[in-house]
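Q: Next up is a structure, given as structure tokens.
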Amino acid sequence: MKIFSGTASTDLAKSICSYIGTNLGQTQVSRFSDQEIFVEIGENVRGQEVFVIQSTSAPANENLMELLITVDALRRGSAKSITAVVPYFGYARQDRKTSPRSPITARLVAKILAEAGINRLLTLDLHANQIQGFFDVPVDNLYAMPEFVRHAKARLKTEIPLVVSPDVGGVVRARAFAKKLGADIAIIDKRRERANVSEVMNIIGDCGDRHCILIDDMADTAGTLCKAADALLEKGAKSVIGYVTHGVFSGPALERIEASKLSSLFATDSINASAHSDCEKIKVITMANLLGEAIVRIGDSRSVSSLFD
């Protein structure tokens, strides 16, 4: 087994290698004067089971292209199998037609990855589960929730919180999280006027005198989370914290979070955490051990789903 990393996930890859007890493979990524990406694998991979760790986060196109070129280099180096470990799967929100003549880009990316030569995809909290069906190779979709549950239990101790879904689409996630904590749930009813702009309309459930936990799969501009925190506190909540798997944090997100009424926002390191290290309210929960254990199990042909039994 050999593990390589793209430039977007080097820190996470090193932590994964530390968990597994192996060294990170040698790669050299460079660019020609016209910004074409060139990837050179620095060691023999012939007949090896290879894992490439690379989130396709911003800059999404560059990171995706680097991943594709790395996979092609490994395939041409006669690797036995190639698993793309993509903790954050970019373009996942484009999983259906939202208007006439609009693309389904998540499907396109799936086809391109398969054509490049991957034999398996390992990812974390896909934005929509049906994306697994876009691939003609096996997909292992891991969940950050068990790590969030352990963290929340340790943080809250005997306090029973109120778990809040920031929108109707996240109810299943919130209900599963609440079940693990033995907590009740509430739902934010919001109306989205246009992309990345949201307006909180109503809270379904009683949040008065409760410590609230907002749970979501990602935070992009963070408008939804920040407005949800405002609404909960206006209705009498004691405090509000948030858990998100993917901290995209684009545009004004960091400024919004720092100025918001959120006590803390916990995000995983599926996306490089260095970009938001200056925001004191954002705390990182590493997924290195979870991803590392999944890689070991794939290498040993053991069950990955049993991690969540």
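Laboratory data are not the source of any read-out in this text; all were calculated from the coordinates shown. Model, not experiment: these values are computed from the prediction. A quick note on method: Cβ atoms are made from the backbone with ideal geometry, for glycine too, and the neighbour counts reach across all protein chains shown.
Q: Provide Rg over Rh for the range 41-164; use the alpha carbon set for both Rg and the Kirkwood Rh (inverse mean inverse pair distance).
A: 1.08
Q: Here is a follow-up. Note the angle between two axes, namely the Cα long axis of helix 288-299 and the longest principal axis of the Cα atoms of the chain, as a number of degrees from 0 to 90, rounded to the nearest 10.
A: It works out to around 40 degrees.
Q: Could I ask something else about it? Per DSSP H run of n ≥ 4, the term is -39500 (n - 2.57); total these for the chain, divide by its residue number, and report the mean residue ellipticity at 222 nm rounded to 500 deg cm²/dmol.
A: -9500 deg cm²/dmol
Q: If you line up the long axis of helix 145-156 against the longest principal axis of the chain, both from Cα atoms, how many degrees apart are they, to the nearest 10?
A: 40
Q: Can you tell me which lysines have their Cα less than 29 Å from the Cα of LYS179? Leave out same-chain residues fewer than eight positions away.
A: Candidates past the 8-residue exclusion: LYS153, LYS157, LYS190, LYS227, LYS235, LYS238, LYS261, LYS281, LYS283.
Q: In addition: In the range 1-73, which chymotrypsin sites (Phe, Trp or Tyr not before Pro) are in a loop and have at most 11 other Cβ atoms within 10 Å, using DSSP for the loop call? Walk me through the numbers on the way to the answer.
A: Working: sites: PHE4, TYR19, PHE32, PHE38, PHE51; in loops: PHE32.
Taking the range 1-73 and a limit of 11 other Cβ atoms within 10 Å, the loop chymotrypsin sites (Phe, Trp or Tyr not before Pro) found are PHE32.
Q: Dipole of the range 145-286, Cα-centred, from +1 at each Lys and Arg C-beta and -1 at each Asp and Glu C-beta, to the nearest 20 debye?
A: 440
Q: Further, regarding this structure: Run through the DSSP bridge list for the range 145-286 and note the antiparallel percent, rounded to the nearest 5.
A: Percentage antiparallel, nearest 5: 20.
Q: What nm value, rounded to one decimal, do you get for the distance between ARG46 and LYS261 when each label is placed 7 Å out toward the C-beta?
A: Each label point lies 7 Å from its Cα, and together they span 6.6 nm.
Q: Could you work out which residue, out of SER33, SER274, SER260, moves most in a Gaussian network model of the chain, that is, has the largest mean-square fluctuation with Cα springs under 10 Å?
A: Largest GNM mean-square fluctuation: SER33.
Q: If you don't mind, there's one more thing I want to ask. Percent of Cα-Cα pairs more than 25 Å apart in the range 145-286, please.
A: Of all Cα-Cα distances in the range 145-286, 18 percent exceed 25 Å.
Q: Next question. Have a look at PRO100, PRO166, PRO87 and tell me which one the Gaussian network model of the chain (Cα, springs below 10 Å) gives the largest fluctuation.
A: Per the Cα network of the chain with a 10 Å cutoff, PRO100 tops the list.
Q: I'd like the orientation of helix 171-181 relative to the chain: the angle between its Cα long axis and the longest Cα principal axis, in ° from 0 to 90, rounded to 10.
A: With both axes taken from Cα atoms, the answer is about 80 degrees.
Q: Here's another thing I want to ask about it. Starting from the Cα gyration tensor of the range 1-86, take the square roots of the eigenvalues, sort them a ≥ b ≥ c, and report rounded, prolate or oblate (rounded when a/c is under 1.5, otherwise prolate if a/b is larger than b/c, else oblate).
A: Verdict is oblate for the range 1-86.
Q: Something else: Based on DSSP, what percent of beta bridges with both residues in the chain are antiparallel, to the nearest 5?
A: On the way: 11 of 52 bridges.
Beta bridges within the chain, antiparallel portion: roughly 20 percent.
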